[in-house]
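Inspection log for the structure reproduced underneath, given as structure tokens.
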Amino acid sequence: MKDLTPKRSSLDPIEIASRDEIGSLQVTRLKWSLRHAYENVPFYRDSFDAAGVHPDDLHTLSDLARFPYTVKNDLRANYPFGMFAVPREQIARIHASSGTTGQPTVVGYTRNDLENWGAVVARSLRAAGLRPGDLLHNAYGYGLFTGGLGIHLGADALGLTTVPISGGMTPRQVRLIEDFKPTAITVTPSYALSILDEYAAQGLDPRASSLDVGIFGAEPWTNAMRMEIEQAFDMHAVDIYGLSEVMGPGVANECVESKDGLHIWEDHFFPEIINPETGAVVADGEQGELVFTSLTKEAFPIIRYRTRDLTRLLPGTARSMRRMEKVTGRSDDMIILRGVNVFPTQIEEALMSTTGLAPHFQIELTRPDRMDQMRILCEAADNSIGASDRDASAKALSVAIKQSIGISVFVEVGRVGAVARSEGKAVRILDKRPKSK
Ligand code: DLL
């Protein structure tokens with residue numbers, strides 16, 4: 001793999017500024033953001049008033065803990081434009097979450113917001129090893145989802161040549177990678193695996209492709225998956241994180257030279273980790289739920305937003321800004337199986353350590369006889385693997401899961417193609433348990 005470490009002189013000065021400098025910028029910006037939200041969004045005025053706090057009460061970063069949290073339901077309750085802090089005419093762009101569970105969540109950006117978004121995504125792509133003139137194959141979905149258009153903004157800001165292919169039509173993805181010879185691909189890790197399958201289907205060698213780096217996010221993925229993808233494509237695989245409510249992709253990104261967690265672009269997004277049960281802020285280094293406050297957003301300021309993503313904060317390494325560890329999962333995706341907490345990422349890790357299996361999987365939950373059961377649907381690495389070897393792999397995986405997580409599960413290993421493929425975010429959990437009333 002190529003050394004893609006960016007030149008220090010190409011970084012934004014704030015990326016390598018002292019902690020004092022970053023902290024004082026954050027205090028100044030936080031004061032602005034709290035006031036902006038309070039004065040322009042009735043929801044924030046009401047919620048601050050109800051909590052008995054005022055933007056003037058913030059003097060240091062730790063004072064932020066006195067302010068109330070914002071949750072997804074607050075955004076839903078203010079559908080569609082109630083959380084906007086500027087008149088609708090000043091909104092340059094609207095994105096929305098797919099809203100699988102009812103009301104979609106709508107977010108907006110002013111022109112300045114789009115510029116800042118482009119700047120943090122450009123910073124993310126540069127951290128991943130890209131430089132002006134590189135060719136990018138952008139396979140995140142374009143549309144209301146922030147992935148495609150968000151990456152595109154950053155690619156423009158960095159000066160890349162962008163192929164806005166979006167997700168889907170997998171044979172064409174391979175064709176254009178082979179013909180256009182991109183340096184990098186931006187895509188969900190699960191869709192990268194579908195593209196990898198298509199390489200095999202076309203009898204092409206992915207290691208011979210032009211790709212030097214893949215920038216993967218929008219869903220949890222493990223270091224074991226990183227190794228698998230890096231090995232398969234002979235390229236770097238780095239993690240990009242973000243969420244629509246806070247901006248979109250580019251809230252945090254891994255540096256290609258260290259790959260040790262994602263540096264949070266703390267000059268725009270202030271992170272906290274809280275205990276999800278008590279709501280108390282926990283110290284850096286401790287696991288919990290990630291909470292973000294925007295520092296510069298005009299159209300859609302977001303104060304202490306509970307992301308439901310579980311991780312921990314770590315000190316800076318390749319950059320001065322703090323890192324978040326790879327996300328373990330969302331609290332909503334945590335399965336409690338007979339009293340044991342399980343995340344799909346733990347299943348992924350066990351799967352990757354078992355031989356003879358492809359990296360695709362789904363988790364099916366059922367409740368026969370009032371007891372929850374978990375079935376892991378996965379598939380053989382290739383079709384030359386016969387039924388008895390597939391059974392042996394199934395056994396090996398259930399033993400690995402029993403040993404590492406402590407739960408008994410059924411494993412079904414099908415032939416190649418048995419598991420539904422993703423073109424964007426993978427659906428990991430099929431919950432077939434009766435809905436509790
Ligand atoms: O997924 C933004 C994005 C697009 C990030 C492309 C990276 C690349 P949403 O659709 O609002 O936005 O979903 C946000 O996805 O709260 C996490 O649960 C999950 N997520 C995003 N990035 C990662 C990641 C985009 N790198 C939700 N690792 C977040 C784990 C991630 N989970």
Find which of G214, G147, P104 sits farthest along the positive direction of the dipole of the chain, computed with +1 on the beta-carbon of Lys and Arg, -1 on that of Asp and Glu, about the Cα centre. P104
Over the chain, what is the relative contact order in percent, taking alpha-carbon pairs closer than 8 angstrom and at least six residues apart? 14
If you count, for each residue, the other Cβ atoms within 10 Å and average over each peptide, how do 117-125, 56-64, 190-198, 223-231 line up from highest to lowest? 117-125, 190-198, 223-231, 56-64
Most mobile of N112, N383, N78 per a Gaussian network model of the chain (Cα springs, under 10 Å)? N383
Going highest first, how would you order 16-23, 251-258, 404-411 by mean Cβ packing within 10 Å? 251-258, 404-411, 16-23
Nearest 5 percent is fine: what portion of the DSSP beta bridges confined to the chain is antiparallel? 60
Per residue, the convex hull volume that the Cα atoms of the chain enclose (Å³): 142
Mean residue ellipticity (222 nm) of the chain, computed from DSSP H runs ≥ 4 via -39,500 (n - 2.57), nearest 500: -9500 deg cm²/dmol
Ordering of 419-425, 6-12, 272-278, 320-326 by packing [mean C-beta count within 10 Å, highest first]: 320-326, 419-425, 272-278, 6-12
Full extension from N223 to K435: what is 0.36 nm times the residue separation minus their Cα-Cα distance, to one decimal in nm? 72.9 nm
How long is the gain from D57 to Q90 if the chain were fully straight, where each residue apart is worth 0.36 nm and the alpha carbon distance is subtracted? 9.0 nm
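Laboratory data are not the source of any read-out in this text; all were calculated from the coordinates shown. What you see is a predicted model; the values in this text were computed from it and never measured. Reconstructed Cβ throughout: ideal geometry from the backbone, glycine too, with neighbour counts over all protein chains shown.
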